[in-house]
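Structure first, then comments.
The values are calculated or read from the model by the stated rules, or taken from the named source; none is laboratory data. Predicted model only: the values in this text are computed from it and were never measured. Neighbour counts are summed over all protein chains in view; Cβ atoms, including those assigned to glycine, are modelled from backbone coordinates with ideal geometry. Keep in mind that these areas ignore ligands, DNA and RNA; they rest on the heavy atoms of the full protein, side chains included. Shrake-Rupley method; radii C 1.70, N 1.55, O 1.52, S 1.80 Å.
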Amino acid sequence: MVQKYFAKISGTGRYLPKKVLTNHDLERMVDTNDEWIRTRTGMQERRVAAEGETTSDLAAKAGQQAIEAAGLRAKDIEMVIVCTVTGDHAFPSTSCLVQKKLGIKNTATAFDVSAGCTGFIYGANIAQQFIENGTKKHILVIGAETLTRILNWNDRGTCVLFGDGAGAAVFSRAENIDIAKVIDSEVSADGNFGELLIQPAGGSKMPASQETVQQNLHTVHMEGNKIFKLAVKSMYHLCDVVLKRNKMDVESIDWLIPHQANLRIIQALGKKLKIQNKKVIVNIEKYANTSAATVPIALDEAIKLKNIRRGDVVLMTAFGAGLTSGALLFRY
Ligand code: UT7
């Protein structure tokens, strides 16, 4: 069957809270040091949402920019997908809050995607399907997190790694004259590794109680070094699947945007893919791991810095809680 419609990225945006938390600030909060954090992770600073600033606030700011960059108005958006593990509430979904904040029409579809740090790639994959099957023309996909709200500030193994932020992209139906298009994407999950990265309490298994609060069970629990190996393997695998399926090799890629969880993971992936370092987009030193937001923040930043230009071929990849992983290949 000949594919009738294609999706493209028509606009991007990002929002980072103003407050900066440096490694040196963390030295005063927990038993850690700048040298350990820099050499083990590549991180130097991260952003922290202001008091009262929520995930939907961050998401709406990034989303607004993406809509404007696409040359659209809120009324043009037919679907809002917010990818997050730190929504404003358990329900309603953060996407509905963003829909309201941006004045997106009340008939639009809005839902959240929970795929950890792979969230944005899952959201993009869903948007791609709706555009390719002809049912939607403009879909806003946002990765947004306020992870600092769910960290155990006494656990140096996790609290130094995460930050807050949001990145967004509008996926639109490509016109015939467009060179920009989503080429392919693939997402996957392996629930066998779910316990490695988890916020144990607050759901139906462990509702909030005094004990869950006392035992810090509403915070991020992670087995970092087990995830490390799986991260490189799963991202490499999905990049390989997507490239091979399109008879492309790594030489045809202008930019790789990997999830920003650890510089050593990014370097190991780059080495395995045999991609030149200068093609790998890294901003982990500034924002640390913002989960579902790292990839769209890096995308928007690279576009605004004019590193990514019209016609460039970009491969994005991520992995995260679930464990989930994904890759998205597109021409910008
Ligand atoms: O976005 C998806 C989710 N996250 C990830 O993908 C994270 C993946 N994993 C990682 O990035 C790395 O495993 C970490 C950065 C989390 C940890 O690095 P590592 O090289 O795997 O260190 P480790 O956990 O094996 O710990 C090594 C040592 C330990 O001390 P001992 O037992 O050797 O004495 C830790 O207690 O480093 C210690 N350590 C720290 N020291 C100073 C752990 N955290 C810290 C810290 N400051 N913040």
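Figure the gain on full extension for Asn33 and Lys18 (residue separation times 0.36 nm, minus the Cα-Cα span) and round it to one decimal in nm.
Values: separation 15, 0.36 × 15 = 5.40 nm, distance 2.30 nm.
This chain segment gains 3.1 nm when fully extended.
Rounded to the nearest 0.05, what FRET efficiency do Val2 and Asn192 give with R0 = 30 Å and r taken as the Cβ-Cβ distance? Could you check?
Numbers: r = 39 Å, r/R0 = 1.30.
The formula returns an efficiency of 0.15 here.
Please state the equivalent ellipsoid semi-axes for region 206-332: what are the square roots of 5 times the Cα gyration tensor eigenvalues, largest first, in whole Å?
Taking √(5λ) for each eigenvalue gives 31, 16, 13 Å, largest first.
By per-residue mean of other Cβ atoms within 10 Å, what is the highest-first order of 262-273, 280-291, 76-87? Mind showing how you got there, number by number?
Working: 262-273: 18.7, 280-291: 23.2, 76-87: 25.7.
Highest to lowest by the protection proxy: 76-87, 280-291, 262-273.
Quick check: the distance between the Cα centres of region 178-249 and region 288-314, to the nearest angstrom?
Each part reduced to its Cα centre gives a spacing of 20 Å.
Helix 294-304 against the longest principal axis of the chain: what's the angle in degrees, Cα atoms only, rounded to the nearest 10?
Taking the Cα atoms of the chain, the angle to 294-304 is about 50 degrees.
Report the antiparallel proportion of the DSSP beta bridges in the chain as a percent, rounded to a multiple of 5. Display every interim value, and only then the final one.
Details: 39 of 55 bridges.
Bridges in the chain that DSSP calls antiparallel: roughly 70 percent.
Compute the angle between helix 224-245 and the longest alpha-carbon principal axis of the chain, please, reported from 0 to 90 degrees and rounded to the nearest 10.
Relative to the chain, helix 224-245 is tipped by roughly 10 degrees.
If all Cα-Cα distances of region 290-332 are sorted into 5 Å bins from 0 onward, what percent lands in each bin, rounded to whole numbers?
Per 5 Å bin, starting at 0, the Cα pair percentages come out as 6, 20, 28, 23, 14, 7, 2.
Sticking with the crude label model, points 7 Å out along Cα→Cβ, report the distance from Phe91 to Ile150 in nm, one decimal please.
1.7 nm
List every residue whose amide H lies under 5 Å from the amide H of Ala115, counting only residues 5 or more places away in sequence or on a different chain, with H placed 1.01 Å from N in the peptide plane.
Those lying under 5 Å, H to H, from Ala115 are Thr84.
State the number of lysine pairs found in region 1-110 whose Cα atoms come within less than 23 Å, restricting to pairs 8 or more positions apart or on distinct chains.
Lysine pairs, 8 or more places apart or on different chains, close enough: 14.
Please list the non-local residues whose amide H lies under 5 Å from the amide H of Asp184, H modeled 1.01 Å from N, same-chain partners needing a gap of 5 or more.
Amide H neighbours of Asp184: Leu329.
State the extension gain, in nm to one decimal, for the chain segment bounded by Val241 and Ala50, taking 0.36 nm per residue of separation less the distance between their alpha-carbons. Write down the numbers at each step before the final one.
Values: separation 191, 0.36 × 191 = 68.76 nm, distance 4.07 nm.
So the chain would gain 64.7 nm between Val241 and Ala50.
Express the Stokes-Einstein translational diffusion coefficient of region 126-276 in µm² s⁻¹, to the nearest whole number, given a Kirkwood radius over alpha-carbon pairs, 20 °C and a viscosity of 1.002 mPa s. Show your work: numbers first, answer last.
Values: Rh = 18.6 Å.
D, rounded to a whole number, is 115 µm²/s.
Jot down the radius of gyration and Dmax of the chain, Cα atoms only, both in angstrom.
18.8, 61
For region 1-65, take the convex hull of the Cα atoms, compute a quarter of its surface area, and give me that in nm², please.
Numbers: hull surface 32.6 nm².
Mean projected area of the Cα convex hull: 8.1 nm².
Rounded to two decimals, what is Rg over Rh for region 189-239 when you use alpha-carbon atoms and the Kirkwood radius? Walk me through the numbers before you get to the answer.
Numbers: Rg = 14.0 Å, Rh = 12.5 Å.
Expressed as Rg/Rh, it is 1.12.
Please name which of Ile183, Ile126, Leu315 has its Cα lying farthest along the dipole of the chain towards the positive end, using unit charges on Cβ (Lys, Arg +1; Asp, Glu -1) and the Cα centre as origin.
Farthest towards the positive pole: Ile183.
Roughly how big is the chain's charge dipole about its Cα centre, with Cβ charges of +1 (Lys, Arg) and -1 (Asp, Glu), in debye to the nearest 20? Display every interim value, and only then the final one.
Details: 41 positive and 34 negative charges, 198 e Å.
In total the dipole reaches around 940 debye.
Short version: ³J(HN,Hα) in whole Hz for each residue of region 2-7, in order, from phi by Karplus 6.51 cos²θ - 1.76 cosθ + 1.60 (θ = phi - 60°), x for Gly and Pro, what are they?
6, 6, 8, 10, 10, 9
Would you kindly calculate the mean projected area, averaged across all directions, of the convex hull enclosing the Cα atoms of region 150-210, in square nanometres? Spell out each step's value before the answer.
On the way: hull surface 31.9 nm².
In nm², the orientation-averaged hull projection of region 150-210 is 8.0.
Taking θ as phi - 60°, what are the ³J(HN,Hα) couplings along region 132-140 by the Karplus curve (6.51, -1.76, 1.60), each to the nearest whole Hz, with x for Gly and Pro?
Per-residue couplings from phi come out as 5, 8, x, 7, 10, 10, 9, 10, 9 Hz.
I need the calculated FRET efficiency for the pair Glu175 and Lys105, taking r as the beta carbon distance and R₀ as 22 Å, to the nearest 0.05.
Numbers: r = 23 Å, r/R0 = 1.03.
E between Glu175 and Lys105, to the nearest 0.05, is 0.45.
Under a 1.4 angstrom probe, counting protein chains only, how are Ile126, Ile121 ranked by accessible area, largest first?
On the way: Ile126 45, Ile121 0 Å².
Solvent-accessible surface, decreasing: Ile126, Ile121.
Whole number please: convex hull volume per residue, Cα atoms of region 104-169, in Å³. Don't skip to the answer; put the middle values down first.
On the way: hull volume 6.4 nm³, N = 66.
Considering the Cα atoms of region 104-169, their hull volume per residue is 98 Å³.
Quick one: give the max-minus-min coordinate of the C-alpha atoms of region 188-275 along each principal axis, largest first, in Å.
Principal extents (largest minus smallest coordinate, Cα): 55, 24, 19 Å.
If I stretch the segment between Lys304 and Arg264 completely, what's the gain in nm (0.36 nm per residue apart, minus their alpha carbon distance), one decimal? Walk me through the numbers before you get to the answer.
Working: separation 40, 0.36 × 40 = 14.40 nm, distance 2.58 nm.
Difference between extended and current length: 11.8 nm.
Counting Lys and Arg as +1 and Asp and Glu as -1, each charge on the Cβ, what is the dipole of region 254-332 about the Cα centre in debye, to the nearest 20? Intermediate results must be reported in sequence, preceding the final value.
Numbers: 12 positive and 5 negative charges, 64 e Å.
In debye, rounded to 20, region 254-332 gives about 300.
Can you show me the helix-derived [θ] at 222 nm for the chain, built from DSSP H runs with n ≥ 4 at -39,500 (n - 2.57) apiece and divided by the number of residues, rounded to the nearest 500.
Numbers: 11 runs with 108 residues, N = 332.
Value at 222 nm, helices only, nearest 500: -9500 deg cm²/dmol.
Please determine, in degrees from 0 to 90 and to the nearest 10, the orientation of helix 263-273 with respect to the longest principal axis defined by the Cα atoms of the chain, where the helix direction is its Cα long axis.
For 263-273 against the chain, the angle is about 40 degrees.
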